[in-house]
Amino acid sequence: MNQRLAYHVELLNQLAIQLAKLEQSDLEYNQENTILQQLGQLIESLKEPSAQQYDSAVFDGQQWLHRFLTHNPELAPAIHRDLLWFFGGDCLHFMPDDEIEKYQLLDDAMAEAMLRNTPFNYTLSREAIFGLSLIHI
C-alpha cells in the first residue's frame, strides 16, 4: 500500500472509530448499523487492492461518502476534508474552490515528484501547502 493510500485508509479507520462511539452513545443515526458496516467493507476493499479493485473501491467510497453526507449532515464534521478530495466526484461539491485549488497543488507536486523519480512525502507536502498538522503514518 502506498503512503497516500495508507494515509486515507487511516482517516477512514478514524472515522469508523468515531461512528462506533456515536453508536455506543445510543445516538440513533443508523438504526440498522449499515453505515458502519459499509464503512468497514470500504476500508477492507482499499487495503492492498488490485488495479481493478482499487478503482471499484474508490467509486464505492465516493458513493458511500456522498450518501453519508447527504443523509447525515449533522455528522459532516466527522469527515476529514482529505477524504472528500481522495474520493472526488460528487464529494467535491462539499468543498470550496480555494480548498480544491490547494489539493490540486498537492496532486501536482506528487505528479512532479513521480516524473522526476524523486521521493514524495504526502503528509509533509500536505502540511506545507495547507499549513496544518496531520496524522502521521
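The values are calculated or read from the model by the stated rules, or taken from the named source; none is laboratory data. Everything quoted here is computed from the prediction, not taken from an experiment. Cβ coordinates were reconstructed from backbone atoms using ideal geometry, including for glycine residues, and neighbour counts include every protein chain displayed. Note: accessible area is taken over every heavy atom of the protein model, side chains too, but ligands, DNA and RNA are not part of it. Shrake-Rupley method; radii C 1.70, N 1.55, O 1.52, S 1.80 Å.
The C-alpha atoms of the chain define a longest principal axis, and helix 97-115 lies at about 50 degrees to it.
Using the Cβ-Cβ distance between Asp97 and Phe130 with R0 set to 22 Å, the FRET efficiency works out to roughly 0.90. For the chain, the longest principal axis of the C-alpha atoms and the axis of helix 34-46 are separated by about 30°.
Ignoring ligands, DNA and RNA, what percent of the accessible area of the stretch 52-129 is carbon or sulfur (1.4 Å)?
Solvent-exposed carbon and sulfur of the stretch 52-129 make up 55 percent of the total.
Helix 3-24 and the longest principal axis of the Cα set of the chain meet at an angle near 20°. Only helices enter the 222 nm calculation for the chain: every DSSP H run of n ≥ 4 contributes -39,500 (n - 2.57), and dividing by all residues gives -22000 deg cm²/dmol, rounded to 500. When the Cα positions of Asn2, Ile43, Ser56 are compared along the charge dipole of the chain, Asn2 comes out farthest toward the positive end, with charges on each C-beta of Lys, Arg, Asp and Glu.
Mind ranking Glu44, Glu10 by accessible surface for me, highest first, 1.4 Å probe?
Values: Glu44 110, Glu10 70 Å².
The ranking, largest first, comes out as Glu44, Glu10.
May I ask you to derive the FRET efficiency for Ala113 and Thr34 from their Cβ-Cβ distance with R0 = 41 Å, giving the value to the nearest 0.05? The calculated FRET efficiency here is 0.55. Label-to-label distance, Asn13 versus Asn121, with points set 7 angstrom from Cα along the beta-carbon direction: 2.0 nm.
Quick one: if you take sqrt(5λ) for each eigenvalue of the C-alpha gyration tensor of the chain, what semi-axes come out, biggest first, whole angstrom?
The three semi-axes for the chain are 27, 17, 14 Å.
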